[in-house]
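Please treat every number below as a calculation from the coordinates, not as lab data. Everything numeric here is computed off the predicted structure, so don't read it as measured data. Cβ atoms come from the backbone with ideal geometry, glycine included; neighbour counts cover every protein chain shown.
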Amino acid sequence: MLERHIQALHTDNPGDETPAAARERLKGRFPAGATRRMTTLGLLVGNALAELGPGPDDAIVYASRYGESRALEGFLDSFPTPSPTLFQTSIHPSAVQQLMIARQAPVREFLPLSGGAHFAFHALRAALLSPAPRVLVCGGEERGTWLLERGLASARTFAFAASLSLEAGAGPLGRVRLSRDGGDGELSLEALFQLLEGRIPYNGVVAPGWRMEVVWH
Amino acid sequence: MADSAAPVKVADCGCITAFGDARATHAALLRGECALRPVAVLGRDGGEAVPLALLSGRSLDETAPPEWLVAVRRLHASIPGGGWGSPGRPVFVTGSNFGVGGLYALRRTGEAAFATWGGPATCTERLRELLGWGPDVSIVSHACVSAHLGLLLASRAVAAGLAQEALVFSFDFLSAFVAGGFHALKILNSSFPSPYRVGDSGAIGLGDGAAFAVVSRGRGSWTLAGQSVYNEMHQFTSNRSDGAGFDRCLEGVAAASRGRRVWFKGHGTGTLEAGQLEVSAAGRSFPGAPVVGWKGSLGHTLGSCGLVELAIAIESVRAGRTPGTIGGAGPAMSESVARESFGNGAFDGVVCASNAFGGAHAAFLLCHA
């Protein structure tokens, strides 16, 4: 059995907010001038992660199925004279790097993941196996345009970040536990986000052989 | 947190490069051969000729289904055992490309068939079906340290008793997407790479590569110890100029290597500043250890380089001879840089290190079990 206590949580569900509106809403949350080249996913994930005050000894687990869809689309559209900025921004874990580089904030362990039907399990297993005293699990998606039409980008934008500790401490928000189970099931990243946003208790099989229990205090 | 995973064993390991399997690649490196050839950076769409090491007979231009699937299936067929992706035998797929060449072709042609293999999750799901894996398949993508992170996660799962064995499977095949991207950054150009050589300007080459490792608690002739990671978060495409990021990563491996005589398999892409920082840091953490880098021949196999080069390191120890650093001329950045191959019988460990965008560093110690 693997278990951690949820000490802090930040979620962002902007609905149909445009990238320009997201930038305007969140620009004050980042160092001056930093947001000009930030992606929507970078703004949302970065803001959620910043709420938790990431430190150098934390482990960061970053989960996004599609990553930087808009930057990827822009980079592909920039050929035959590809954009160097969009190339580096389109690389999978850049949403977290956009915040951390703007803050000049090194971190020992950074585990960026992608995934599908069992993504919630894979991200949480990575987090709960980390030896770091505090693990920050963050993730999200940004709505794509032409990649979405091909089924290769998310239809919605969202972000979350949660702080997980080994010790319960004074007032944890809740607890997450993974344990062996003989059943079959799945839980996507978006479904995990909905559980976190609504602080909805959960007790079910999230991958073949694995049960996830989320309890809120 | 010097050692971020308990030591585990490597039961099986293999790779495919432009030269062939691990044995063929090791032999070619010992002969001092270079797999890099000048290829138009955008394939049939033209552009400057840049050094690429493509699998034999493979074109940079994307096909649907991808022609690299043949190599992936061949590599997979060489993995002993089965049942991968079941709850006790998880798979960790790593890389930094994941069929992204299909997205380039999709945008150029509009043909829907190219969408089938585009993106990490979509590509891995197709691969899972093709290779007969069960559902426990994690996807790790952290640019050029991806394979190291796959090894780390697999090691933790095994060490914690969640799995008897875990498969780390990594693949990166070049496309106009990634060649065009590095060309736009101006570090991929018409010059061939000269890792760890003093020069006026640095340059890299890119290569196709795929590899696997079976991480085990019980069996295996090799031990992975001192697995270490560190992320500078200083700049997207460069490191802190004081080399602190290299030092912070290597300190964990140095602790695990105490009392051993090691050689150092570096990242060594051919960029000047990173090469100098790496050689200097290796000298501080492992005084007297010879430093080698093989990307001047194989090209940079990107997210898979850590696993491809692990397979070659194991082959080197098996054969008793380590290939030297291939590529370029001129003086080396340090006397520790081994330009020629050397017998490794007097050594009892290999430090394998890789670096990535964002100032990401990863390294581990490989030694006999």
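Tabulated values for the structure
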quantity	calculated
Inter-chain shielding of B:111-124 (mean C-beta neighbours from other protein chains, 10 Å cut-off)	4
Local net charge near B:Asn97, Cβ-Cβ under 13 Å (Lys/Arg +1, Asp/Glu -1)	-3
Choice from B:Gly243, B:Gly218, B:Gly202 with maximal GNM fluctuation in chain B (Cα, 10 Å cutoff)	B:Gly218
Segments B:273-285, B:19-31, B:225-237, A:160-172 sorted - mean Cβ within 10 Å per residue, highest first	B:225-237, B:273-285, B:19-31, A:160-172
DSSP-defined beta bridges in chain B - what % are antiparallel, rounded to 5	70
Relative contact order %, chain B, counting alpha carbon pairs below 8 Å whose residues are six or more apart	25
Volume per residue that the Cα convex hull of chain B spans, once the total is divided by residue count, Å³	117
Neighbouring partner chain Cβ atoms per residue of B:175-188, average, 10 Å criterion	4
Gaussian network model of chain B, springs between alpha carbon atoms under 10 Å - residue of B:Thr269, B:Thr325, B:Thr109 with greatest fluctuation	B:Thr109
Kyte-Doolittle mean at least 0.5 and Cα axial length at least 15 Å: DSSP H helices in chain B	B:146-159, B:244-257, B:305-319
At most 15 other Cβ within 10 Å, DSSP loop - GluC sites (Glu not before Pro), the range B:103-204	B:Glu111
Taking chain A and dividing mean pair separation by its residue count, relative contact order in percent (alpha carbons under 8 Å, at least six apart)	30
For the range B:49-58, 3J(HN,Hα) per residue [Karplus equation, 6.51 cos²θ - 1.76 cosθ + 1.60, θ = phi - 60°, Hz, x = Gly/Pro]	6, 10, x, 10, 10, 8, 4, 3, x, 8
Distant-in-sequence amide H partners of B:Thr301 (H built 1.01 Å from N, under 5 Å)	B:Gly207
Most mobile listed residue (B:Ala332, B:Ala40, B:Ala244) in chain B, GNM with C-alpha springs under 10 Å	B:Ala244
Fraction of beta bridges assigned by DSSP in the range A:7-173 that are antiparallel (%, nearest 5)	55
Partner chain coverage, peptide A:95-104 - average Cβ within 10 angstrom	4
Candidate lysines - alpha carbon under 25 Å from B:Lys265, same-chain residues fewer than 8 apart omitted	B:Lys9, B:Lys295
Local electrostatic count, B:His26, Cβ distance below 13 Å [Lys/Arg +1, Asp/Glu -1]	+1
Kirkwood-based shape ratio for the protein assembly as shown, expressed as Rg/Rh from alpha carbons	0.94
3J(HN,Hα) from dihedral phi, the range A:137-146, Karplus parametrisation 6.51/-1.76/1.60, rounded to Hz, x for glycine, proline	9, 9, x, x, 9, 10, 5, x, 10, 6
Protection proxy ranking of A:137-147, B:65-75, B:292-302, A:204-214 - average other beta-carbon atoms within 10 Å, highest first	B:292-302, A:137-147, A:204-214, B:65-75
Cβ crowding within 10 Å averaged over residues, with B:357-364, B:340-347 ranked highest first	B:357-364, B:340-347
Beta bridges per DSSP with both ends in the protein assembly as shown, % antiparallel, nearest 5	75
Relative contact order %, the range A:46-163, counting alpha carbon pairs below 8 Å whose residues are six or more apart	40
Whole-Å semi-axes of the range A:7-173's equivalent ellipsoid (Cα gyration tensor)	27, 17, 15
